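Below is one structure, written out as structure tokens; the observations come after it.
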Amino acid sequence: MAVQNLKLFGMKAEQGRWILVVTGLLINVCLGSIYAFSVFRKPLEALWGISSSQSGYPFMVFLAVFAIAMPFAGSLVARWGPKKTTMLGGLLVGTGWIAASFSPDITALTILYGVIGGAGVGIVYGCPIAVVAKWYPQKSGFAIGLTVMGFGISALVIAPLMKAMIDHPDIGILPTFLYSGIAFLVVLMLLAQLLSFPPAEWTPPGVKTASAVTELIPSLNLSRREMLKTRSFYALWATYTIGCLAGLMAIGIASPAGTEVAKLDGATAALAVSLFAVFNGLGRPLFGAITDKLGPKHTAMVSFTMILGASLLLFFFGQGNAMLYLFAFCVLWMCLGGWLALAPTATGIFFGKLHYAQNYGLVFTAYGTGAILGTLLSGSVKDLTGSYLHAFAIVSGLAVLGMLIAAIGLNPVKTGQAR
């Protein structure tokens with residue numbers, strides 16, 4: 001029997017569940033501080049005399065470990081629930097940032113910040129998404145998009161704040177890690193207390209039974225093993241990787257590209273990162289809503305068309321062009337935000353909500369792959385050619401490949417396909 005008149009935070013569940021969306025958004029503001037890492041790169045290069053590639057290692061490893069931890073986190077959520085899992089991850093996030101403040105070199109920073117902090121974010125990240133996906137069993141794209149918007153807009157606040165701390169004569173670059181870690185630890189522990197799944201029998205207004213909800217969602221409830229037997233999984237994973245590669249590369253080089261390619265001063269380049277964060281954040285509910293309306297395939301095609309156009313403009317006309325730099329990076333950051341709403345929504349559409357946390361944890365490994373490839377690509381191209389712009393020629397080709405994969409493979413799973 002369906003649960004009737006369920007109360008959540010003292011309100012009807014259909015209203016109270018929006019508090020969970022806001023909670024998830026605030027959690028993601030803390031987790032999304034990684035997107036402000038580009039403001040650390042130049043100071044780290046000056047502090048330790050390292051190359052552009054080396055200064056990107058903590059960013060690359062953080063995002064890779066973040067993605068690797070997600071499949072394990074999905075199993076933890078299923079076993080422990082979102083509250084306890086978020087508390088464990090929050091402890092690791094704070095520990096990673098705090099420990100990083102004692103780093104003597106880039107290798108130690110990469111391990112302490114990248115591995116410990118990245119694992120913590122990987123454990124926490126899927127919790128609010130899984131919670132919101134279950135509280136919104138139908139048309140969840142917009143709600144998921146708002147939840148993960150916090151990750152995107154984080155740099156809007158965090159980048160200038162961290163830049164100010166780095167430049168402050170009484171703080172500096174390494175203590176910035178310390179103070180940030182303490183703040184993230186406290187906030188994540190408090191917000192974790194609000195997270196919970198709905199009762200199994202609960203359904204939103206207008207739907208009589210849980211089975212009716214399942215019938216309204218064009219998907220099967222596949223286990224992780226069953227999902228791996230479908231073509232849709234591999235198409236989603238490949239397109240997600242390409243979308244993340246383009247966006248994460250743009251995030252990782254946003255500040256140095258602003259000074260070296262667009263010829264902006266350091267303060268303006270840091271401010272530009274905040275502008276990009278607005279678009280990254282807005283891209284999440286926007287593309288989530290588009291996915292609700294158009295479906296994953298057509299939404300992916302829109303994203304890759306935007307990535308292709310921005311990359312070609314940068315490659316051919318980007319040198320010394322500040323306005324084009326601002327426009328193209330806004331587009332690329334928006335598209336990354338779009339994929340971080342599109343992919344979790346597509347996971348629910350294609351494979352169902354019953355095993356959602358475990359399934360999206362595996363899909364999310366595409367994010368880590370994109371982070372590694374994007375960081376290696378931008379750093380290597382910069383070291384070889386002296387400019388970041390040539391990397392965007394490669395991204396253009398990958399966007400075309402993404403369109404082809406989406407057109408052929410991003411389809412709902414047919415009954416019996418995974419059996």
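Just to verify a result, which residue in the stretch 42-58, among those that are over 30 Å from LEU195 (Cβ atoms) and open to solvent by less than 10 Å² (accessible area, probe 1.4 Å), is nearest to the chain's Cα centre (by Cα)? Walk me through it before giving the result.
Just the residues of the stretch 42-58 that are over 30 Å from LEU195 (Cβ atoms), to begin with: 42-57.
Imposing the further condition that a residue be open to solvent by less than 10 Å² (accessible area, probe 1.4 Å) reduces the set to 44, 55-56.
On the way: LEU44: 24, SER55: 21, GLY56: 18 Å.
Selected residue: GLY56.
On the given criteria, is GLU226 in contact (Cβ under 8 Å) with a residue 12 or more places away in the chain, closer than 30 Å to GLN319 by Cβ, among the charged types (D, E, K, R) and surrounded by 19 or more Cβ atoms within 10 Å (Cβ to Cβ)? Reasoning before the result, please.
On the way: in contact (Cβ under 8 Å) with a residue 12 or more places away in the chain: yes; closer than 30 Å to GLN319 by Cβ: no; among the charged types (D, E, K, R): yes; surrounded by 19 or more Cβ atoms within 10 Å (Cβ to Cβ): yes.
No, not satisfied.
Just to be sure before I move on: is GLY309 of a type outside the set (Ser, Thr, Tyr) and more than 24 Å from LEU342 (Cβ to Cβ) in the structure I sent? Even if it seems obvious, please write down each step before you answer.
Details: of a type outside the set (Ser, Thr, Tyr): yes; more than 24 Å from LEU342 (Cβ to Cβ): no.
Judged against the criteria, GLY309 is not a match.
Quick one: which residue in VAL65, VAL61, VAL39 is touching a Lys or Arg at 6+ places or on another chain (Cβ under 6 Å), buried (at least 22 other Cβ atoms within 10 Å of the Cβ) and under 21 Å from GLY379 (Cβ atoms)?
Result of the check over VAL65, VAL61, VAL39: VAL39.
For the stretch 127-142, which positions are under 17 Å from GLY16 (Cβ atoms) and either assigned to a helix (DSSP H, G or I) or without any contact (Cβ under 8 Å) to a residue 24 or more places away in the chain (or both)?
Start the filter on the stretch 127-142 by keeping residues that are under 17 Å from GLY16 (Cβ atoms), which leaves 128, 131-137, 140.
Scanning the stretch 127-142 gives PRO128, VAL131, VAL132, ALA133, LYS134, TRP135.
For the list (1) in contact with a Pro (Cβ under 9 Å, 6 or more places away or on another chain); (2) open to solvent by less than 40 Å² (accessible area, probe 1.4 Å); (3) in contact (Cβ under 8 Å) with a residue 60 or more places away in the chain; (4) under 28 Å from SER380 (Cα atoms), I need the number of the one condition that GLY288 fails.
For GLY288, the exception is condition (4).
Go through (1) surrounded by 22 or more Cβ atoms within 10 Å (Cβ to Cβ); (2) closer than 19 Å to SER180 by Cα and name the single condition PRO82 misses.
Only one criterion in (1) surrounded by 22 or more Cβ atoms within 10 Å (Cβ to Cβ); (2) closer than 19 Å to SER180 by Cα is unmet by PRO82, namely (2).
Spot the failing condition for GLY24; the list is (1) open to solvent by less than 60 Å² (accessible area, probe 1.4 Å); (2) assigned to a helix (DSSP H, G or I); (3) of a type in the set (Gly, Ala, Ser); (4) more than 20 Å from ALA143 (Cα to Cα), and only one is missed.
Of the numbered conditions (1) open to solvent by less than 60 Å² (accessible area, probe 1.4 Å); (2) assigned to a helix (DSSP H, G or I); (3) of a type in the set (Gly, Ala, Ser); (4) more than 20 Å from ALA143 (Cα to Cα), the odd one out for GLY24 is (4).
When the residues of the stretch 218-246 are narrowed to those that are among the charged types (D, E, K, R) and part of a helix (DSSP H, G or I), which ends up nearest to LEU308 (Cα to Cα)?
Our first condition is that a residue be among the charged types (D, E, K, R); within the stretch 218-246, this holds for 224-226, 229, 231.
So of that shortlist, the ones also part of a helix (DSSP H, G or I) come out as 224-226, 231.
On the way: ARG224: 32, ARG225: 34, GLU226: 33, ARG231: 25 Å.
Among those that are among the charged types (D, E, K, R) and part of a helix (DSSP H, G or I), it is ARG231.
Against the condition in contact with a Lys or Arg (Cβ under 8 Å, 6 or more places away or on another chain) and within 21 Å of PHE197 (Cα to Cα), how does ALA341 come out, does it pass? Let's see the steps before the verdict.
Values: in contact with a Lys or Arg (Cβ under 8 Å, 6 or more places away or on another chain): yes; within 21 Å of PHE197 (Cα to Cα): yes.
When the stated conditions are applied, ALA341 passes them.
For the stretch 305-330, name all the residues that are in a helix (DSSP H, G or I), small (Gly, Ala, Ser) and either more than 16 Å from LEU245 (Cβ to Cβ) or touching a Pro at 6+ places or on another chain (Cβ under 7 Å) (or both).
GLY309, ALA322
Could you please find all residues in the stretch 104-131 being out of contact with any Phe, Trp or Tyr (no Cβ under 7 Å at 6 or more places or on another chain), open to solvent by 10 Å² or more (accessible area, probe 1.4 Å) and more than 22 Å from LEU190 (Cβ to Cβ)?
PRO104, THR107, ALA108, ILE111, LEU112, VAL115
How about the stretch 158-199: which of its residues are over 17 Å from LEU20 (Cβ atoms), open to solvent by 50 Å² or more (accessible area, probe 1.4 Å) and not in a helix (DSSP H, G or I)?
HIS168, PRO169, ASP170
Of everything in the stretch 291-306 that's among the β-branched types (Val, Ile, Thr) and closer than 12 Å to ALA406 by Cβ, which residue is most open to solvent (accessible area, probe 1.4 Å)?
Residues of the stretch 291-306 among the β-branched types (Val, Ile, Thr): 291, 299, 302, 305.
If we keep only those that are closer than 12 Å to ALA406 by Cβ as well, we get 299, 302, 305.
Working: THR299: 0, VAL302: 59, THR305: 79 Å².
Checked the stretch 291-306; the qualifying residue most open to solvent (accessible area, probe 1.4 Å) is THR305.
Can you name the number of the only condition in (1) open to solvent by 10 Å² or more (accessible area, probe 1.4 Å); (2) among the small types (Gly, Ala, Ser); (3) more than 17 Å from ALA391 (Cα to Cα) that GLY309 fails?
(3)
So the check is Cβ under 8 Å with 6+ separation or different chains; which pairs have a first residue in the stretch 329-348 that's within 17 Å of MET149 (Cβ to Cβ) and a second one that's part of a helix (DSSP H, G or I) and among the acidic types (Asp, Glu)?
The qualifying pairs are THR345/ASP292.
Does the stretch 260-274 include one or more residues that are modelled with pLDDT of 90 or more, of a type outside the set (Phe, Trp, Tyr) and surrounded by 21 or more Cβ atoms within 10 Å (Cβ to Cβ)?
Our first condition is that a residue be modelled with pLDDT of 90 or more; within the stretch 260-274, this holds for none.
Checked against the condition, which is being modelled with pLDDT of 90 or more, of a type outside the set (Phe, Trp, Tyr) and surrounded by 21 or more Cβ atoms within 10 Å (Cβ to Cβ), the stretch 260-274 yields no hits at all.
Taking the stretch 353-393, which residues are open to solvent by less than 10 Å² (accessible area, probe 1.4 Å), under 22 Å from PHE304 (Cα atoms) and outside any loop (DSSP other than H, G, I, E, B)? Full working, then the answer.
Start the filter on the stretch 353-393 by keeping residues that are open to solvent by less than 10 Å² (accessible area, probe 1.4 Å), which leaves 356, 359-361, 363-364, 366-368, 370-371, 374, 378-379, 388, 391-392.
Among the residues that remain, those that are also under 22 Å from PHE304 (Cα atoms) are: 360, 363-364, 366-368, 370-371, 374, 378, 388, 391-392.
Hits for the stretch 353-393 are TYR360, VAL363, ALA366, TYR367, GLY368, GLY370, ALA371, GLY374, SER378, ALA391, PHE392.
For residues that are open to solvent by 10 Å² or more (accessible area, probe 1.4 Å) and either part of a loop (DSSP other than H, G, I, E, B) or under 24 Å from GLN358 (Cβ atoms) (or both), tally how many sit in the stretch 331-345.
If we filter the stretch 331-345 for residues that are open to solvent by 10 Å² or more (accessible area, probe 1.4 Å), which is where we start, we get 331, 334.
In the following step, the residues that additionally are either part of a loop (DSSP other than H, G, I, E, B) or under 24 Å from GLN358 (Cβ atoms) (or both) were identified as none.
Of the residues in the stretch 331-345, 0 are open to solvent by 10 Å² or more (accessible area, probe 1.4 Å) and either part of a loop (DSSP other than H, G, I, E, B) or under 24 Å from GLN358 (Cβ atoms) (or both).
The values are calculated or read from the model by the stated rules, or taken from the named source; none is laboratory data. Predicted model only: the values in this text are computed from it and were never measured. As a convention, Cβ positions derive from the backbone with ideal geometry for all residues, glycine included, and neighbour counts pool all protein chains shown. Quick note on the areas: whole protein, heavy atoms, side chains included, nothing else; ligands and nucleic acids left out. Shrake-Rupley method; radii C 1.70, N 1.55, O 1.52, S 1.80 Å.
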